[in-house]
1. Quick one: would you say Leu205 is open to solvent by less than 30 Å² (accessible area, probe 1.4 Å) and modelled with pLDDT of 95 or more?
2. May I ask you to list the residues in the stretch 241-271 that are assigned to a loop (DSSP other than H, G, I, E, B) and not polar (S, T, N, Q)?
3. Can you find a residue that is touching an Asp or Glu at 6+ places or on another chain (Cβ under 7 Å) and in contact (Cβ under 8 Å) with a residue 60 or more places away in the chain anywhere in the stretch 69-82?
4. Looking at the stretch 272-317 only, could you name the residues that are part of a loop (DSSP other than H, G, I, E, B) and either acidic (Asp, Glu) or touching a His at 6+ places or on another chain (Cβ under 7 Å) (or both)?
5. Looking only at residues in the stretch 235-246 that are open to solvent by less than 10 Å² (accessible area, probe 1.4 Å) and in contact with a strand residue (DSSP E or B) (Cβ under 6 Å, 6 or more places away or on another chain), which one is nearest to Cys403 (Cα to Cα)?
6. Quick one: in the stretch 258-284, which of the residues that are out of contact with any strand residue (DSSP E or B) (no Cβ under 8 Å at 6 or more places or on another chain) and among the hydrophobic types (A, V, I, L, M, F, W, C) is surrounded by the most Cβ atoms within 10 Å (Cβ to Cβ)?
7. In the stretch 379-407, which residue that is open to solvent by 20 Å² or more (accessible area, probe 1.4 Å), closer than 17 Å to Trp221 by Cα and not β-branched (Val, Ile, Thr) is modelled with the highest pLDDT?
Amino acid sequence: MWCRSLACLFKVPCQLSGSARRRSPWLPRGRGTIPAAAARRHHTAPESLKCAWQLHGDHLELRYANTLMRFDFVWLRDHCRSASCYNAKTNQRSLDTASVDLGIKPKAVRVDETTLFLTWPDGHVTRYGLEWLVKNSYEGQKQQVMHPRIFWNAEIYRQAQVPSVDCRSFLETDEGLKEFLQNFLLYGIAFVENVTPTKEDTEILAERISLIRETIYGRMWYFTSDFSRGDTAYTKLALDRHTDTTYFQEPCGIQVFHCLKHEGTGGRTLLVDGFYAAEQVLRQAPDQFELLSKVPLKHEYVENVGDCHNHMIGVGPVLNVYPWNNELYLIRYNNYDRAVINTVPYDVVHRWYAAHRTLTAELRRPENELWVKLKPGKALFIDNWRVLHGREAFTGYRQLCGCYLTRDDVLNTARVLGLQA
């Protein structure tokens, strides 16, 4: 039980039976030595601090800032930030985790207004800021998001009036680059205007925020309807919404498109926020959302055209989430490239098809479709882990160039500029 009486803590013993009092004596102000045989201890700080702790056999319970947290003793020793355990200059752990006794327990515990103090059997003292513990506890992480985003359908995105960034500002100023990256992080898409319509200038644009990822398609690619690769994209046919490279073990993080020339009609680009659609599924059918986030599927790319011989296989669920807070971080959706479903037992596969149908229906809602006409000079960056893209059929000669970017480098560029990514 938690003691909530200041008089009990500082002046008068709690009204317990004699046996109970012997089992659980109070530690005045949280100070004192903990007998090895004691199963648990309690402490309540002054009401203004709103902090209390309770010691159990294998963990410490701490209530602070309206958060009830539980910390394993080994975790508390392993994450010590003292000079001998952690190198603050390199932000790296110095402590050998494998050397920590798995049965370790603190010898003494103390809490003041801002800090938790733990004294270990060898005399080493660990200090934790209470705010740091809230931020880094499992319970605290469940209440936070890793990547702040704005989910959108077509109307939400149009009303937001997200501005494009001018090419010169993007290339030559931190302000322009930061504005672009903020838009990209929040919405999963961003545009750069007034780009010289050449492959070389598009490459310079891409390298401003990331290394270019080499793939089986090369570094920078030209994209026409000559069917030079074994892929529907190299035709004039319409393409349904999808994410790219689902057949990679790690799908490409960011895709860049720049239309260099189009002499004909049609060919608008379709954009759909996959996370927005998945969020609707989570609200309406949480069991189906869970199924889509747990059932592993194979996607594959089989190509035997000219000198190109490839057979690539990627494995993963359609929806990828952080398990502690159910936050989406990757959607792997491509009906063209999904391989034979042979990773799902018969008593699950029908339920998976129903869940897939629910998600597909959300992705295909007209109100979720943002249609954009790409023109020479307007480059589009797409978060391929979040936003699905497609196109309508077209006539005439249409040439695009583009590339894939390494996700870690884009996020690093954003963090260097002070953005949460």
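The values are calculated or read from the model by the stated rules, or taken from the named source; none is laboratory data. The structure presented is a predicted model; accordingly, all values stated were derived computationally and were not measured. Positions of Cβ are generated from backbone atoms using ideal geometry, with glycine treated the same way; all protein chains shown enter the neighbour counts. We work out accessible area using only protein heavy atoms, side chains counted, and drop any ligands, DNA or RNA first. Shrake-Rupley method; radii C 1.70, N 1.55, O 1.52, S 1.80 Å.
1. For Leu205, the condition - open to solvent by less than 30 Å² (accessible area, probe 1.4 Å) and modelled with pLDDT of 95 or more - is met.
2. As a first pass, look at the stretch 241-271 and keep what is assigned to a loop (DSSP other than H, G, I, E, B): 243-253, 264-265, 267-268.
Asp244, Tyr247, Phe248, Glu250, Pro251, Cys252, Gly253, Gly264, Gly267, Arg268 - these are the residues of the stretch 241-271 that are assigned to a loop (DSSP other than H, G, I, E, B) and not polar (S, T, N, Q).
3. Within the stretch 69-82, one or more residues are touching an Asp or Glu at 6+ places or on another chain (Cβ under 7 Å) and in contact (Cβ under 8 Å) with a residue 60 or more places away in the chain.
4. Filtering the stretch 272-317 down to residues part of a loop (DSSP other than H, G, I, E, B) leaves 285, 295-296, 306-307, 317.
Within the stretch 272-317, just Asp307 meets the criteria.
5. First, pick out the residues of the stretch 235-246 that are open to solvent by less than 10 Å² (accessible area, probe 1.4 Å): 243, 245-246.
Remaining after also requiring in contact with a strand residue (DSSP E or B) (Cβ under 6 Å, 6 or more places away or on another chain): 243, 246.
Working: Thr243: 14, Thr246: 16 Å.
Across the stretch 235-246, the extreme among qualifying residues is Thr243.
6. That would be Ala277.
7. The qualifying residue modelled with the highest pLDDT is Gln399.
Residues checked against (1) part of a loop (DSSP other than H, G, I, E, B); (2) exposed (fewer than 13 other Cβ atoms within 10 Å of the Cβ); (3) modelled with pLDDT under 95:
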| residue | (1), (2), (3) |
| --- | --- |
| Leu95 | yes, no, no |
| Ala98 | no, yes, no |
| Asp101 | yes, yes, no |
| Pro106 | yes, no, no |
| Leu116 | no, no, no |
| Trp132 | no, no, no |
| Phe151 | yes, no, no |
| Ile156 | no, no, no |
| Val162 | yes, no, no |
